[in-house]
Amino acid sequence: MSAPVIVIGSGIGGLVTALALAPRRVALVTKAAPGGETSTFWAQGGIAAALGDDDSAALHLEDTLAAGDGLCDRQAAEAIIAGAAEAIGFLQRHGVAFDRDGDGRLARGLEAAHARRRILHAGGDATGAAVICALTRAVAETPSITVMPDTEVRRLIAADGAVCGLVAAGNGETLTIPASRVVIATGGLGGLYEISTNPPGNFGQGVMLAARAGALLADMEFIQFHPTALAADLRPLPLISEAVRGEGAVLVNEKGERFLAATPGGELAPRDVVARAIAAQIARGGRVYLDARQALGRGFPARFPAIAGICTKAGINPAEELIPVRPAEHYAMGGIAVDQRARTSVTGLWAVGECAATGLHGANRLASNSLLEAAVTGLAAARDIAGLADAPGRPLPSACLPRPARIGIVRDIVSRELGVLRTGAGLRRSIEALLALVEAEEAASDPALVALSIAVFAHRREESRGAHARSDFPLKKPHSARQAMTLSQTLAAAHALCHTPCRRSA
């Protein structure tokens, strides 16, 4: 029998990949229970898919390119958007029940910067949870998939530019597993930020694993901050979905002023525009609220049951009261550079979902394109792997198990210097501090490596574009391009900035 494909991560990207590979053997490695501690589970907004009679893939692409602010890979975006119907069909066949309207057709919602109502939901505002529940059930019923829960991959083993195994911690043991086909589907890096809507333990493990194995990273400077997380003393911060604004809710400050009224698109302007506007209100000492009283009123709990429950727990009645909101880290547009087959620059290594940089999002993700991307790229990776002959086994180089990551000290630096608005001086401070942590080879080294990549990419982009804003470079350059670097190149750039000799190359 063929050697199993290793899939690392159990969000939508990993689950779709594993299911699509059947009947080929797959080992699904996840640091929690399948679907647990994933960003997918928290997703409220839904999945963008141009399936309506008044819609088309061309219109969806146009909206995606506009939101991406000049840095989308057009060919990659076209391919992913064109795969929407196949991806939705795959999810439905594996148990995802999307919401229907009164006529039995797929219900379609509206979100920011979309020209059409094209957002599919499952379970109202609990789409992510519905997807995870359906796909984990399907995985459990698929004999070719072996789930390895409570197992954390801490290093990939590579030789001569190809993957040959991995080192993981599981059940109190060190596991060294031979592997020539590995798919990284580990999600995002929200745990690097104090204020985030994502699981606090997700610091970009997949990005770290790929970078240490020699893979190219791309677009690391572009971190999307969701404008409307619930302003509460909770971690992660609950999300007040953009779909609430899509149904007519408006943003007001503590004076009752609708401060986005004159902005093109208003409350449904691109996320970076709305997030910076809210951040500016808070920076001057004000507060910001989402007002859904007139648009939804008593219908709020029926339309958004999960959000209504979140608000109730926080002591807020959204049908009658204002909802306090603030920006929070939400999504990383950058990550492991991949092609349209989800291949990385390392032989035998694929990446899907948020940890991958496909070029779909450019400088700013269009709302609800992320779950679409994860499903489509999961199918692409599975298709590519299925068409390959088994790679010959090779001896595994010796590798030790690194200590568990310590995020706290890195989180302080990232939250202070790599937020909604950045400065050249702050970026330089962060690079100096993070470089020292990376090279100390201690428990903070792995999360510091991911954060250092963000900081170096951000320092090199001397403009404000999409989700990347710098106070010292507030304008866009007339010509701009995506950035891509390996770890060794990132370290060299950091050392050059700090005027110190480079002490390591990977």
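The values are calculated or read from the model by the stated rules, or taken from the named source; none is laboratory data. Note that the coordinates shown come from a computational prediction; the quantities given were computed from them, not determined experimentally. Positions of Cβ are backbone-derived with ideal geometry, glycine not excepted, and every protein chain shown enters the neighbour counts.
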Does Ala319 fit the bill of being free of Cβ contacts under 8 Å to residues at least 40 places away in the same chain, within 19 Å of Thr263 (Cβ to Cβ) and not aromatic (Phe, Trp, Tyr)? no
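Taking the options Gly214, Gly201, Gly206, name whichever one is part of a loop (DSSP other than H, G, I, E, B), outside the structural domain of Thr17 (by TED's automatic domain parsing), under 24 Å from the mean Cα position of the chain (by Cα) and within 24 Å of Ala380 (Cβ to Cβ).
Details: Gly201 fails: within 24 Å of Ala380 (Cβ to Cβ); Gly206 fails: part of a loop (DSSP other than H, G, I, E, B).
Being part of a loop (DSSP other than H, G, I, E, B), outside the structural domain of Thr17 (by TED's automatic domain parsing), under 24 Å from the mean Cα position of the chain (by Cα) and within 24 Å of Ala380 (Cβ to Cβ) holds for just one of Gly214, Gly201, Gly206, which is Gly214.
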Does Ile177 count as modelled with pLDDT under 95 and aliphatic (A, V, I, L, M)? yes
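Check Ile431, Ile413, Ile407, Ile454 and return the single one that is hydrophobic (A, V, I, L, M, F, W, C) and closer than 21 Å to Ala283 by Cβ. Break it down stepwise before answering.
Details: Ile431 fails: closer than 21 Å to Ala283 by Cβ; Ile407 fails: closer than 21 Å to Ala283 by Cβ; Ile454 fails: closer than 21 Å to Ala283 by Cβ.
Among Ile431, Ile413, Ile407, Ile454, only Ile413 is hydrophobic (A, V, I, L, M, F, W, C) and closer than 21 Å to Ala283 by Cβ.
A quick yes/no check of all residues on (1) free of Cβ contacts under 8 Å to residues at least 40 places away in the same chain; (2) not basic (Lys, Arg):
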{"position": "Phe225", "(1), (2)": "no, yes"}
{"position": "Pro238", "(1), (2)": "no, yes"}
{"position": "Arg245", "(1), (2)": "no, no"}
{"position": "Pro264", "(1), (2)": "yes, yes"}
{"position": "Val273", "(1), (2)": "yes, yes"}
{"position": "Ala279", "(1), (2)": "no, yes"}
Could you grab me the full set of residues in segment 20-34 that are surrounded by fewer than 24 Cβ atoms within 10 Å (Cβ to Cβ) and in contact with a helix residue (DSSP H, G or I) (Cβ under 7 Å, 6 or more places away or on another chain)? Ala20, Arg24, Pro34
Specify which of the listed residues (Asp103, Asp125, Asp160) is under 25 Å from the mean Cα position of the chain (by Cα) and acidic (Asp, Glu). Asp125
Close pairs from segment 284-313: first buried (at least 20 other Cβ atoms within 10 Å of the Cβ), partner of a type in the set (Ser, Thr, Tyr), Cβ under 6 Å, at least 6 apart: Leu290/Thr228
Do you know which of the residues in segment 396-425 that are more than 30 Å from Thr228 (Cβ to Cβ) and free of Cβ contacts under 8 Å to residues at least 60 places away in the same chain is nearest to the chain's Cα centre (by Cα)? Arg406
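For segment 157-174, which residues satisfy the criterion of being more than 14 Å from Ala210 (Cα to Cα) and part of a strand (DSSP E or B)?
So in segment 157-174, the residues more than 14 Å from Ala210 (Cα to Cα) come out as 160, 168-174.
Matches in segment 157-174: Ala168, Ala169, Gly170, Glu173, Thr174.
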With respect to Leu379, is the statement that it is surrounded by 12 or more Cβ atoms within 10 Å (Cβ to Cβ), closer than 19 Å to Gln92 by Cβ and either touching a Leu at 6+ places or on another chain (Cβ under 6 Å) or not assigned by TED's automatic domain parsing to the domain that holds Glu463 (or both) true? yes
Here is a list: Arg298, Arg341, Arg326. Which entry is of a type in the set (Lys, Arg) and touching a Pro at 6+ places or on another chain (Cβ under 9 Å)? Arg326
Can you say whether Asp339 is surrounded by fewer than 24 Cβ atoms within 10 Å (Cβ to Cβ), of a type in the set (Asp, Glu), at pLDDT 95 or above and in a loop (DSSP other than H, G, I, E, B), as far as the supplied structure shows? yes
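What residue, of Ala363, Ala389, Ala405, Ala399, is in a loop (DSSP other than H, G, I, E, B) and touching a His at 6+ places or on another chain (Cβ under 9 Å)?
Details: Ala389 fails: touching a His at 6+ places or on another chain (Cβ under 9 Å); Ala405 fails: touching a His at 6+ places or on another chain (Cβ under 9 Å); Ala399 fails: touching a His at 6+ places or on another chain (Cβ under 9 Å).
It is Ala363.
Per-residue answers, yes or no, for (1) closer than 20 Å to Thr64 by Cα; (2) of a type in the set (D, E, K, R); (3) assigned by TED's automatic domain parsing to the domain that holds Gln294; (4) touching a Cys at 6+ places or on another chain (Cβ under 6 Å):
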site: Thr312; (1), (2), (3), (4): no, no, yes, no
site: Pro318; (1), (2), (3), (4): no, no, yes, yes
site: Ala342; (1), (2), (3), (4): yes, no, no, no
site: Leu349; (1), (2), (3), (4): no, no, no, no
site: Cys355; (1), (2), (3), (4): yes, no, no, no
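Residues to consider are Ala232, Ala275; find the one that is assigned to a loop (DSSP other than H, G, I, E, B), touching a Pro at 6+ places or on another chain (Cβ under 8 Å) and not assigned by TED's automatic domain parsing to the domain that holds Leu449. Walk me through how you get there before you give the answer.
Numbers: Ala275 fails: assigned to a loop (DSSP other than H, G, I, E, B).
One residue alone meets the criteria, Ala232.
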The one condition in (1) among the basic types (Lys, Arg); (2) surrounded by fewer than 16 Cβ atoms within 10 Å (Cβ to Cβ); (3) more than 19 Å from the chain's Cα centre (by Cα) that Arg245 fails to fulfil: (2)
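When segment 192-202 is examined, which residues are found to be more than 15 Å from Thr40 (Cα to Cα) and surrounded by 23 or more Cβ atoms within 10 Å (Cβ to Cβ)? It would help to see each step written out before you state the result.
So in segment 192-202, the residues more than 15 Å from Thr40 (Cα to Cα) come out as 192-195.
Passing the criteria: Leu192, Tyr193.
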Which of (1) surrounded by fewer than 23 Cβ atoms within 10 Å (Cβ to Cβ); (2) in contact with a Ser or Thr (Cβ under 8 Å, 6 or more places away or on another chain) does Glu37 not meet, given it meets every other one? (2)
